[in-house]
Amino acid sequence: MGRLCFLSAHQMLEGFRSGQLSPVEVMKDTLLRVREVNSTYNCICFLENEQTLIDKAAAAEQRYLQGKSSGKLDGIPITIKDLLYVPDMPTLNGSMLPPHKEHPLITPCVLSIIQEGGIIIGKTTTSDFGWKAVTVCPRTGITRNPYDADRITGGSSGGSATAVALGIAPLSIGSDAGGSLRIPAGFCGVVTLKATIGVVPHAPVSVFGSLSTVGPFARDVRDLSLLLDVIAKTSVEDWLSVYPGRRDTLMPNPYSRICEEGGDLRGLRIAVSYDLNHYVRYIDEEVKRSIREAVSVLESLGATVTNVDDREEDWNLNRLDIYHTYKVLWSAAAAQVISMKKESYGMTEEEIKEKMDGGLYELAMLGRKYSAPDVMEAEHTRAELGVMMNKFHQKYDVLITPNMCIPPFAADREVPEDVETIATGPGKKGWNADTDLKRFFTWTAMSYVFNMTKQPAAAVPCGKFSWGKQVPISMQVVGAMFREDLVLRVCNAYQKVTTHHTRNADHMG
């Protein structure tokens, strides 16, 4: 059987129900795994008291013995990103700034996990308020790639992705306002889904507004769908949450039913784009190769595949000021972080500057320069992009792209060493080489576009780089709004006939 901690959530549940596997023994191996790897990879920033966790696992074991399992996740170890609120655990936002004074709401997805019997073992690392695409912050330091500790894990949900890849937990929760689920999933070789905004409730409200949502990590699509079944609920605490009547007509229930289907993709219209029709400036050649191979697999499963680069004249992201739009929205949100801390704590500007990640503070200063009309213009451009994608999906059910266009770079950097060569931004409205070459949005264009459009987008491993320690490569699967079912159908079909997702980052520290 191998290490218990590397079993899937489904394997654990089947073992618990049959009596062949003990939740207590799984928890003990989970805690051993944390001790083995966390000092090197730095993905857990808060671990619940070990005896408390053993006691919770023992209670789950008794429920199984009595035939009274408490829910879909009973006894499963799970981690939560340190931007989300868990009862009796600190939420420090990866920041040296003080946390909220008032006791906040429990994040809705966390409450759903607890109600279904999941055991939350601790909190995972993030960047300062989740502001950048690497998981490095003044409070916890550097979170490292599970396949190569000298390289980034991605961010800002890098702790969650790393914990899943390393076998600390089969499931985790992160968040995504510009790629923060998909970027680390890609670099860590795990799967994730950024659902349509409103499918998974997000509360308290994020400073990044409707760019942001929370979502699941797992090692395979079957486990991912199980966790999505649990967290995709309506919540009155999130004004964007899909209300019950509309939810029933828009979404399958449960999502995990999709994974019981075969791998037949006949009738599905799949578009493939390697650079979003020349919006993204640079794609690594090994990434292109892996995407070509993945698309060939999907075609062999019956899908009709069309390369849409240079083919769709109306699908032209370069005619919209997307780079500038995202930069305006993101930096304005960063400025709001400072305003919130000033209002809540009466902190001075200098006190905030001293404790905040320097890059976040610089971006907040940029955000202050934008006016209300600037922000409204950005929202208008965002709406135009959304309409463009709506029309695109009239012709194509799903879009396949590279997930990350480059390999993970040095762990202590925010941008690649060759950022001037690969950056998406030069020549676009709002470009400022002096400041932008230090920022994450120069190399994450394939991700943030689909936060702007609110669409579902998954990351699925589809290869590995040939050099060094062979870090993972992944593809992005994008659907029309509320078509998580089609995204999961493609991901599930692909994993049924490939083995990239079965690779483990099985290190001992």
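The values are calculated or read from the model by the stated rules, or taken from the named source; none is laboratory data. All values reported here derive from a predicted model rather than from experimental measurement. Positions of Cβ are backbone-derived with ideal geometry, glycine not excepted, and every protein chain shown enters the neighbour counts.
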ask   = in a loop (DSSP other than H, G, I, E, B), modelled with pLDDT of 95 or more and under 28 Å from Q11 (Cα atoms): does that describe G159?
value = no
task = Return the total of residues in region 279-294 being assigned to a loop (DSSP other than H, G, I, E, B) and over 30 Å from W131 (Cα atoms).
result = 0
request  = At least 1 residues that are out of contact with any helix residue (DSSP H, G or I) (no Cβ under 9 Å at 6 or more places or on another chain), within 27 Å of G425 (Cα to Cα) and not assigned by TED's automatic domain parsing to the domain that holds P461 in each: list the helices (runs of 4 or more DSSP H) lying fully within region 295-383 that qualify.
outcome  = 358-369
request  = Please name all residue pairs, on different chains or six or more residues apart, with Cβ atoms under 6 Å, provided the first residue is in region 475-489 and is under 9 Å from D397 (Cβ atoms) and the second residue is surrounded by 24 or more Cβ atoms within 10 Å (Cβ to Cβ).
outcome  = G479/V398; G479/P456; G479/V487; L486/V398; L486/G479
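Scan region 423-430 and tell me whether some residue there is among the basic types (K, R) and closer than 30 Å to R483 by Cβ. Spell out the reasoning first.
Just the residues of region 423-430 that are among the basic types (K, R), to begin with: 428-429.
Now drop any that are not closer than 30 Å to R483 by Cβ, which leaves 428.
So far as region 423-430 goes, yes, one or more of its residues are among the basic types (K, R) and closer than 30 Å to R483 by Cβ.
Given the options L111, L73, L92, name the one that is at pLDDT 95 or above, closer than 30 Å to M340 by Cβ and of a type in the set (A, V, I, L, M, F, W, C). Explain how you work it out, then say what you get.
Numbers: L73 fails: closer than 30 Å to M340 by Cβ; L92 fails: at pLDDT 95 or above.
Answer to the check: L111.
When you go through T435, T421 one by one, which is the residue that is more than 27 Å from A294 (Cβ to Cβ), over 23 Å from the mean Cα position of the chain (by Cα) and not aromatic (F, W, Y)? Give the steps one after another, and end with the answer.
Working: T421 fails: more than 27 Å from A294 (Cβ to Cβ).
Result of the check over T435, T421: T435.
Taking region 458-479 on its own, how many of its residues are among the small types (G, A, S), more than 15 Å from the chain's Cα centre (by Cα) and either within 20 Å of F187 (Cα to Cα) or surrounded by fewer than 21 Cβ atoms within 10 Å (Cβ to Cβ) (or both)?
Step one: list which residues in region 458-479 are among the small types (G, A, S), which gives 458-459, 463, 466, 468, 474, 479.
Remaining after also requiring more than 15 Å from the chain's Cα centre (by Cα): 463, 466, 468, 479.
With either within 20 Å of F187 (Cα to Cα) or surrounded by fewer than 21 Cβ atoms within 10 Å (Cβ to Cβ) (or both) added as a condition, the list becomes 463, 466, 468.
Total meeting the criteria: 3.
Of all residues being without any contact (Cβ under 8 Å) to a residue 12 or more places away in the chain and surrounded by fewer than 17 Cβ atoms within 10 Å (Cβ to Cβ) in region 12-44, which is nearest to L226 (Cα to Cα)? Just the residue, please.
Here the residue is E14.
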Subset of region 271-294 that is of a type in the set (A, V, I, L, M, F, W, C) and crowded, with 21+ Cβ neighbours inside 10 Å - its residue that is farthest from I406 (Cα to Cα) = A271
request  = Give, as residue ranges, the helices (runs of 4 or more DSSP H) completely inside region 398-509 that count at least 1 residues that are farther than 18 Å from A177 by Cα.
outcome  = 419-422, 433-436, 484-496
remark   = Checking Y41, Y64 in turn, the sole residue that is aromatic (F, W, Y) and within 29 Å of the chain's Cα centre (by Cα) turns out to be Y41
query = In region 188-199, which residues are under 27 Å from S339 (Cβ atoms) and β-branched (V, I, T)?
reply = I197
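Take A372 and decide whether it is surrounded by fewer than 17 Cβ atoms within 10 Å (Cβ to Cβ), among the hydrophobic types (A, V, I, L, M, F, W, C) and farther than 30 Å from T140 by Cβ.
Yes, satisfied.
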message = I'd like the residue in region 45-78 that is touching a Lys or Arg at 6+ places or on another chain (Cβ under 7 Å) and assigned to a strand (DSSP E or B) and, out of all such residues, is surrounded by the fewest Cβ atoms within 10 Å (Cβ to Cβ).
response = F46
ask   = Residues K496, K428: which one is modelled with pLDDT under 95 and either among the charged types (D, E, K, R) or more than 20 Å from H278 (Cβ to Cβ) (or both)?
value = K428
